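Engineer: Can you read through this structure? Questions will come right after.
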Amino acid sequence: MDRDLINVLVLGVSFMFLFTSFQTNGFIQGPMIDSINHEYGKDHYGANTFVSMCLIYLIFSLVNWIAPAFVRLMGARLSMIVSGVTYILFIANFLWPQAWLLYIVSMIVGFGAAIIWTAQGYYLTICSNEKTMGRNSGLFWTLFQCSLLFGNIFVYVYFKDMTGEDIPHSTRTITYIVLTIVGTIGIVTMFFLGSPKSLRSEEQDEQQGSFDVLQSIRESFALLSTRRMLLLCVTFWYTGIELSFFSGVFTTALGRINTLDKDGGNAKKFVGLAGMIIGIGEIVGGLIFGILGSKTVRWGRDPIIILGYFVHMISFLLIMINFPPDSTISETVKQSAYIDPNLVIALISGFLLGFADSCFCTQCMSILGTLYADNSAPAFALFKFFQSIACACAFFYTPYFNLYIQLAILAIFASMGTLSFVIVEWKLRQQNDQQHIN
């Protein structure tokens, strides 16, 4: 098997284990913190999951400007290993719940997230070429999103017989011990990442060992000043808003709608199931655009983005009619939805959210790896900057805006992000056609 393909598979497996830990926590963190607040009292704990998430993505966004400098200094593999440790610290903090500790480790993992995702984009790019970038992006995304499937299978099986409105202390402890161990396996797997065979990687390796923050910032600003990158940043911003929605808002709201549970009146036990369904949607999208990437790439990236747009619109409509508007701002849902909340419709909405997200994210990685193959670290840093700052903003307004307002914001930015991506893709296609003619 091709060495670079093996590297991509190892990269995907390592992220699968690490983010089985982190992304599973993202889905259950809201219900977990609600339960801890009920057990200890808000005066003794008082943490807020949306404040934690806002801190993560705020620091994430700021550090992205200097992340390429860290990647040059340490190299891609060591950067990912060191950053992975910050994720383990974040997960382990729930074994000793303290609000101040949660907010500190939220900032720490925000720093690590900027480094790990810049290093991942750089490493994926130097393991790929123009022909394999789409395939490799899809394969990585599929393996990465298996984290949603496996982690949430564990949560659903473990939580399904739970009674009462809260998650018991013993259940929380075992959950986070397991997630900490799984995340550690992901870090160990990163030690098996090999050196890419491409000539481009040898050229890039000459820059390793240097640490020039100002150069990193200058490169990012130079890219940001181009019309093409400015247009793509609108798409990046949308992926951040919808990331916050499906990874934290959707499942937190679902866990508060106890009428979804016709037996025990506790919808929190469905959070793992919803996360698993979202993961299946991500995996299906990754497989279609990864394994079948050589066929879908013939039609371009824009049809996939447009498909993701319409799938998102359908999911937003289903959520609007199925979820009460106050489910995002109140732990005790009092308002009614357009219909009686239905678990099947909620799960279908989750699948559509995951599938559409894979449409956007795989094509964003693909176009960046193609356009900026010779200088990918700043490009991926900008991607993660706009995605994470949008995510931070969304988590900030989540406790104050009801569900309908949030869905309206999503619909507006989905339209803008889709249009801007299509413009870039069409311009790129025109340039390629002109080069072939000449």
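The values are calculated or read from the model by the stated rules, or taken from the named source; none is laboratory data. The shown structure was predicted, so the numbers you read here are calculated from the model rather than taken from an experiment. All Cβ positions, even for glycine, are placed from backbone atoms using ideal geometry, and neighbour counts span all protein chains on display.
Engineer: Would you point out which residue out of Ser61, Ser79, Ser14 is free of Cβ contacts under 8 Å to residues at least 60 places away in the same chain and within 25 Å of Asn375 (Cβ to Cβ)? Even if it seems obvious, please write down each step before you answer.
Structural biologist: Details: Ser61 fails: free of Cβ contacts under 8 Å to residues at least 60 places away in the same chain; Ser14 fails: free of Cβ contacts under 8 Å to residues at least 60 places away in the same chain.
From the options Ser61, Ser79, Ser14, the qualifying one is Ser79.
Engineer: Something else about it: Mind checking which pairs have a first residue in segment 351-373 that is farther than 14 Å from Met229 by Cβ and a second that is assigned to a helix (DSSP H, G or I) and among the charged types (D, E, K, R), Cβ under 6 Å, 6 or more apart or different chains?
Structural biologist: Between residues of segment 351-373 that are farther than 14 Å from Met229 by Cβ and residues that are assigned to a helix (DSSP H, G or I) and among the charged types (D, E, K, R), the close pairs are Gly354/Glu282; Ser358/Glu282.
Engineer: Within the set of pairs 6 or more residues apart or between chains, which connect a residue that is among the charged types (D, E, K, R) inside segment 309-327 to a residue that is at pLDDT below 95 and crowded, with 21+ Cβ neighbours inside 10 Å with Cβ atoms less than 8 Å apart?
Structural biologist: What qualifies is Asp326/Val333; Asp326/Leu403.
Engineer: Still on this structure: Could you count how many residues in segment 372-391 are surrounded by fewer than 23 Cβ atoms within 10 Å (Cβ to Cβ) and modelled with pLDDT under 85?
Structural biologist: 4
Engineer: Hey, another quick one. Is it the case, given these coordinates, that Tyr123 is of a type in the set (Phe, Trp, Tyr), in a helix (DSSP H, G or I) and more than 22 Å from the chain's Cα centre (by Cα)? Before the answer, list the steps.
Structural biologist: Working: of a type in the set (Phe, Trp, Tyr): yes; in a helix (DSSP H, G or I): yes; more than 22 Å from the chain's Cα centre (by Cα): no.
Considered against the rule, which asks whether it is of a type in the set (Phe, Trp, Tyr), in a helix (DSSP H, G or I) and more than 22 Å from the chain's Cα centre (by Cα), Tyr123 comes out as no.
Engineer: For segment 328-347, give me each residue that is part of a helix (DSSP H, G or I) and in contact (Cβ under 8 Å) with a residue 60 or more places away in the chain.
Structural biologist: As a first pass, look at segment 328-347 and keep what is part of a helix (DSSP H, G or I): 328, 343-347.
If the condition is that a residue be part of a helix (DSSP H, G or I) and in contact (Cβ under 8 Å) with a residue 60 or more places away in the chain, then Thr328, Leu343, Ala346, Leu347 are the ones that fit.
Engineer: Okay, next question. From Asp357, Asp302, which residue is acidic (Asp, Glu), modelled with pLDDT of 90 or more, crowded, with 16+ Cβ neighbours inside 10 Å and closer than 26 Å to Met416 by Cβ? Even if it seems obvious, please write down each step before you answer.
Structural biologist: Numbers: Asp302 fails: modelled with pLDDT of 90 or more.
Of Asp357, Asp302, the one residue that is acidic (Asp, Glu), modelled with pLDDT of 90 or more, crowded, with 16+ Cβ neighbours inside 10 Å and closer than 26 Å to Met416 by Cβ is Asp357.
Engineer: If Ala92 meets every condition in (1) in contact (Cβ under 8 Å) with a residue 60 or more places away in the chain; (2) surrounded by 19 or more Cβ atoms within 10 Å (Cβ to Cβ); (3) of a type in the set (A, V, I, L, M); (4) within 27 Å of Ile167 (Cα to Cα) apart from one, which number is that one?
Structural biologist: (2)
Engineer: Quick one: Ala373 ticks every box in (1) outside any helix (DSSP H, G or I); (2) hydrophobic (A, V, I, L, M, F, W, C); (3) touching a Phe, Trp or Tyr at 6+ places or on another chain (Cβ under 9 Å) bar one, so which box is it?
Structural biologist: Failing condition for Ala373: (3).
Engineer: Filter the helices (runs of 4 or more DSSP H) completely within segment 1-99 down to those with at least 3 residues that are over 30 Å from Ser327 (Cα atoms).
Structural biologist: Working: elements: 3-40, 49-63, 67-74, 76-92.
The helices (runs of 4 or more DSSP H) meeting that bar are 3-40, 67-74, 76-92.
Engineer: A further question follows. Out of (1) hydroxyl-bearing (Ser, Thr, Tyr); (2) modelled with pLDDT of 90 or more; (3) surrounded by fewer than 24 Cβ atoms within 10 Å (Cβ to Cβ), what's the single condition that is false for Ser330?
Structural biologist: (2)
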